[in-house]
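Colleague: I'd like to ask you about the structure that follows.
The values are calculated or read from the model by the stated rules, or taken from the named source; none is laboratory data. Since the model is a prediction, treat every value here as computed from it, not as a measurement. Ideal geometry is used to build each Cβ from the backbone, glycine not excepted, and the neighbour counts take in all protein chains shown. The accessibility values were calculated without ligands, DNA or RNA, using every heavy atom of the protein model including side chains. Shrake-Rupley method; radii C 1.70, N 1.55, O 1.52, S 1.80 Å.
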Amino acid sequence: MELTGSQILLACLQEEGVDTVFGYPGGAVINIYDDLFDSPIEHILTRHEQAAVHAADGYARSTGKVGVAIATSGPGATNTVTGIATAYMDSIPMVVITGQVPTPLIGNDAFQEADMCGITRPCTKHNFLVQDIRDLAQTVKEAFYIARTGRPGPVLIDLPKDIQVHKYKFKYPEKVKLRGYKPTYAGNSRQIDKAVKMVLQARRPVLYVGGGINLSAANEQLIKLAELTQTPVTTTLMAMSGFPQNHPLALGMLGMHGTFYANMSVTECDLLIAVGARFDDRVTGRIDSFANKAKVIHIDIDPTSIKKNVAVDLPIVGDLQDVLGKLHAKLTEQTDAVQQLIENTADWRASIAEWRQSHPMGYKSSDTVIKPQFVIEKIRELTADDAIITTEVGQHQMWTAQFFQFRQPRTFLTSGGLGTMGFGLPAALGAQVAFPERQVIDISGDGSFQMNSQELATLVQYRLPVKIAILNNNFLGMVRQWQQMFFEKRYSQTCMELPIDFVKLAEAYGATGLQAARVEDVEKTIQTALDTPGPVLMEFKVAREENVLPMVPAGKAINEMVLAS
Amino acid sequence: MRHTISVLVENEFGVLSRISGLFSGRGFNIESLCVAPTMEEGISRMTLVTTGDDRILEQINKQLNKLISTIKVVDFTGEDYVERELALIKVNAEADSRAEALRIVDIFRAKVVDVTPRSYTIEITGAPAKINALLELLRPMGIKEIVRSGPVVIGRGAKGVTG
Ligand SMILES: Cc1ncc(C[n+]2csc(CCOP(=O)(O)OP(=O)(O)O)c2C)c(N)n1
């Protein structure tokens, strides 16, 4: 049967198991929207294309499935770029479909034309301009395949308007034709044998785990390996929900705002096992001091991540499920040696326990003013273990990572690599669409919230009961903190002078607004929000000049921390 | 250190900008770049010359391989290979210098491909060093224009590199 291009597109999405897309219509996708009108695929209309992409991202991060977003050509398409770059930096599987001007007009500066393949080349895993209706189905097939395999990432399909109306027989291809793309899943067994030896010889080992752990869904394998070998585990921002933070072996986050004991452990370790992490500068601090007493094993599915920033003694390219699983299996065969290892490393765990005791994670509590960390602890206490937490970017994001104590995989959705303010609310929206029954909470700052606050409308329209907790310090807090610490308190353009009535703002959209200005109101406010159906915005008037500590100043080694007094 | 790398790529929309964008976006050097289709359907071959230390070259290799459009990457450094570049050189050739120019062309086994009363256009093929040497000798006569293709390379021996 002959179908039009837009019908073929939707048929392909169904073949890929897509039941929900996020998007925003316009002239160059009007045909697609016409076919969506009676398609079983659910479309969520966000109020901005950036939000549609973040929502697809939140959907992908919480489910592990490929998120899908649609936007029109020109401004609609360029609005998606921040969302795409955010997903790219965190390796999130996503397909973004943009309309394009008709093929004969491409290159003419036509109305609402933007060279999306050019613009998104550096922030997509791959992109396609469909130039012929006969290529469409194959292109969609390959886009989804590329997005979800290997190191996942966003793929853009730019679809000209004339191709959407051309007709062609539809048959979903069975195979991709990508002769240059063959990700390595199975770790090399000789390398894994060497890793076993290195692990057994270690006296002061640490597992340094990044976002790959969630992407690969290798959480069980990690826990088993850590427990078998009694190796402490430090996690990056991207991996805070990758390993249970209440586990006795959890060291919490490392790096710029890492715990004292995580940063000390990495500095003093003799074996660093990097797992799906990429030695980001926010993690390493001064690179030549990072884990410089250690041999390094680096396990990653992406060979470019290995030896990019640091020298590696043993590279293992492969999927974490496979490699960690095999490592665990091989170690299990050596009961005596593992027993010996646990004895050999007992002193090491004792030193870490001392660091943990001398400098625990904490903050100065207060009876008179609401401490932002206190709000986060209370949200933790009052929500279920499987509650999905998103954040924006800033101090509230770091405090969430430090204090939330995540327990389950894929429960912490945050923009790590790009650090995109405005991510959290639409990401929460996407996660709530994926999991209507779970608690979804966006922990936000007053600055970030205003970058995509229009999505309150989407929440209300689709009855998505996302709860938003704004930790309002009337500052662009994280920048203010840097100005306080490194620019003599010259608060240039970081004070949000205009007090906003967030409660009224929520109500204007038809959501519920709550405010807590006193310490004793915090718990009640959170409980009320959780008990109230539909979207609820909570505003917490928090201590204005609270700082995120510990902090490693830029350019310093990670053991040179400014600590909480 | 100078490296000459061949990259076999899908001959498709935007592939050149993927490669050049990779180099500019990551701050890798690129001295020259040649592209043309190969005998295999849908495959183009790029030859590029770059410089960098071992760590950078390892990244260049890996990053090139990571591109979905890349089929194969061969770094010829340390291998036995033939390297050739084409140059077209327009040089002043008036009165007494005309004979001198022809003598030099002869020595280098180059060719004159265009003649006017005041100039010769010379075609030469060879390793980049040979072209440099010719340019050195022609320079005193006054060079008006140089077009160089950038080198292409092929491995020595019976084995061929294909996609
Ligand atoms: C889109 C974007 N613009 C600018 C920044 C730089 N930036 C990082 S944190 C921050 C302040 C965030 O303020 P707020 O959302 O109020 O959170 P707080 O730090 O106060 O918790 C800024 C401006 C950014 N990360 N993203």
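Colleague: Filter the stretch A:131-151 down to the residues that are within 10 Å of chain B (Cβ to nearest Cβ) and either in contact (Cβ under 8 Å) with a residue 40 or more places away in the chain or small (Gly, Ala, Ser) (or both), then identify the one that is least open to solvent (accessible area, probe 1.4 Å).
Modeller: Out of the qualifying residues, it is A:Gly150.
Colleague: Which numbered condition in (1) within 14 Å of the ligand (Cβ to nearest atom); (2) within 26 Å of A:Lys371 (Cβ to Cβ); (3) part of a helix (DSSP H, G or I) is the only one that A:Met421 fails?
Modeller: (3)
Colleague: Please state which of the following conditions A:Ile30 fails to meet, knowing it meets all the rest: (1) under 20 Å from A:Lys169 (Cα atoms); (2) open to solvent by 40 Å² or more (accessible area, probe 1.4 Å); (3) among the aliphatic types (A, V, I, L, M).
Modeller: Failing condition for A:Ile30: (1).
Colleague: Looking for something in contact (Cβ under 8 Å) with a residue 40 or more places away in the chain and open to solvent by less than 60 Å² (accessible area, probe 1.4 Å) - is there at least one such residue anywhere in the stretch B:115-127?
Modeller: Within the stretch B:115-127 (the criterion being in contact (Cβ under 8 Å) with a residue 40 or more places away in the chain and open to solvent by less than 60 Å² (accessible area, probe 1.4 Å)), the answer is yes, since at least one residue qualifies.
Colleague: Follow-up question, since we're still on this one. A:Gln515 is checked against (1) open to solvent by 90 Å² or more (accessible area, probe 1.4 Å); (2) in a loop (DSSP other than H, G, I, E, B) and fails just one. What number does that condition carry?
Modeller: (2)
Colleague: Could I ask something else about it? So B:Glu94 clears everything in (1) under 30 Å from B:Ser119 (Cβ atoms); (2) open to solvent by less than 50 Å² (accessible area, probe 1.4 Å) except one condition, right? Which one?
Modeller: In the conditions (1) under 30 Å from B:Ser119 (Cβ atoms); (2) open to solvent by less than 50 Å² (accessible area, probe 1.4 Å), B:Glu94 misses (2) alone.
Colleague: Restricting to the stretch A:406-418, and then to whatever is open to solvent by 10 Å² or more (accessible area, probe 1.4 Å) and in contact with a helix residue (DSSP H, G or I) (Cβ under 9 Å, 6 or more places away or on another chain), can you tell me which residue is nearest to the ligand (Cβ to nearest atom)?
Modeller: Looking at residues that are open to solvent by 10 Å² or more (accessible area, probe 1.4 Å) and in contact with a helix residue (DSSP H, G or I) (Cβ under 9 Å, 6 or more places away or on another chain), I get A:Leu418.
Colleague: Do you know which residues across the stretch A:170-199 are in contact with a helix residue (DSSP H, G or I) (Cβ under 9 Å, 6 or more places away or on another chain), surrounded by fewer than 16 Cβ atoms within 10 Å (Cβ to Cβ) and in a helix (DSSP H, G or I)?
Modeller: Within the stretch A:170-199, A:Ser189, A:Asp193 meet the criteria.
Colleague: Being over 20 Å from A:Arg204 (Cβ atoms) and either within 14 Å of chain B (Cβ to nearest Cβ) or of a type in the set (A, V, I, L, M, F, W, C) (or both): is that true of A:Thr304 here?
Modeller: In short, yes.
Colleague: Shifting gears a bit: Among the residues of the stretch B:110-137, write down those that are within 13 Å of B:Val91 (Cα to Cα) and not hydrophobic (A, V, I, L, M, F, W, C).
Modeller: B:Lys111, B:Asp114, B:Thr116, B:Pro117, B:Arg118, B:Ser119, B:Tyr120, B:Thr121, B:Glu123, B:Glu136
Colleague: Identify, by number, the condition in (1) modelled with pLDDT under 95; (2) in contact with a strand residue (DSSP E or B) (Cβ under 9 Å, 6 or more places away or on another chain); (3) hydrophobic (A, V, I, L, M, F, W, C) that B:Ala99 doesn't meet.
Modeller: (2)
Colleague: Still on this structure: Identify all residues within the stretch B:30-49 that are within 14 Å of chain A (Cβ to nearest Cβ) and surrounded by 14 or more Cβ atoms within 10 Å (Cβ to Cβ); write none if there are none.
Modeller: B:Thr38, B:Gly42, B:Ile43, B:Ser44, B:Arg45, B:Met46, listed by residue number.
Colleague: Pairs needed: first member in the stretch A:444-459, under 23 Å from A:Gln373 (Cβ atoms); second member anywhere, part of a strand (DSSP E or B) and within 7 Å of the ligand (Cβ to nearest atom); C-beta distance under 9 Å; at least 6 residues apart or different chains.
Modeller: Within 9 Å, the pairs are A:Ser444/A:Leu471; A:Gly445/A:Leu471; A:Gly445/A:Phe475; A:Asp446/A:Leu471; A:Asp446/A:Phe475; A:Gly447/A:Phe475.
Colleague: Consider only pairs whose beta carbons are under 7 Å apart and that are at least six residues apart or on different chains; among these, list those whose first residue lies in the stretch B:54-75 and is facing chain A (nearest Cβ under 7 Å) and under 16 Å from A:Pro183 (Cα atoms) and whose second residue is hydroxyl-bearing (Ser, Thr, Tyr) and assigned to a helix (DSSP H, G or I).
Modeller: B:Lys62/A:Thr304; B:Gln63/A:Thr304; B:Lys66/A:Thr304
Colleague: Moving on. Can we say B:Arg84 is more than 9 Å from every other protein chain (Cβ to nearest Cβ), open to solvent by 30 Å² or more (accessible area, probe 1.4 Å) and within 10 Å of B:Val7 (Cα to Cα)?
Modeller: So B:Arg84 does not fit the description; no.
Colleague: Check off (1) within 14 Å of chain B (Cβ to nearest Cβ); (2) touching a residue at least 24 places away in the same chain (Cβ under 8 Å) for A:Gln340 and give me the number that stays unchecked.
Modeller: Tallying (1) within 14 Å of chain B (Cβ to nearest Cβ); (2) touching a residue at least 24 places away in the same chain (Cβ under 8 Å), A:Gln340 fails exactly one: (1).
Colleague: For the stretch B:139-163, enumerate the residues that are open to solvent by 70 Å² or more (accessible area, probe 1.4 Å), modelled with pLDDT under 95 and under 21 Å from B:Leu33 (Cβ atoms).
Modeller: none
Colleague: If you don't mind, there's one more thing I want to ask. Looking at this structure, is B:Glu136 at pLDDT below 95 and of a type outside the set (S, T, N, Q)?
Modeller: When the stated conditions are applied, B:Glu136 does not pass them.
Yes/no per residue for (1) in a loop (DSSP other than H, G, I, E, B); (2) without any contact (Cβ under 8 Å) to a residue 12 or more places away in the chain; (3) open to solvent by less than 50 Å² (accessible area, probe 1.4 Å):
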site	(1), (2), (3)
A:Asp38	yes, yes, no
A:Ala60	no, no, yes
A:Thr82	no, no, no
A:Val95	no, no, yes
A:Pro104	no, no, no
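Colleague: Additional query: Hey, can you tell me all the residues within the stretch B:96-120 that are part of a loop (DSSP other than H, G, I, E, B) and aromatic (Phe, Trp, Tyr)?
Modeller: Matches in the stretch B:96-120: B:Phe108 only.
Colleague: Additional query: Could you look through the stretch B:1-29, keep only residues that are of a type outside the set (S, T, N, Q), surrounded by fewer than 16 Cβ atoms within 10 Å (Cβ to Cβ) and over 27 Å from A:Lys177 (Cα atoms), and pick out the one that is farthest from the other protein chains (Cβ to nearest Cβ)?
Modeller: B:Arg2
Colleague: Being open to solvent by less than 30 Å² (accessible area, probe 1.4 Å) and either under 16 Å from the mean Cα position of the chain (by Cα) or near the ligand (Cβ under 8 Å from one of its atoms) (or both) is the requirement here; does A:Gln402 meet it?
Modeller: yes
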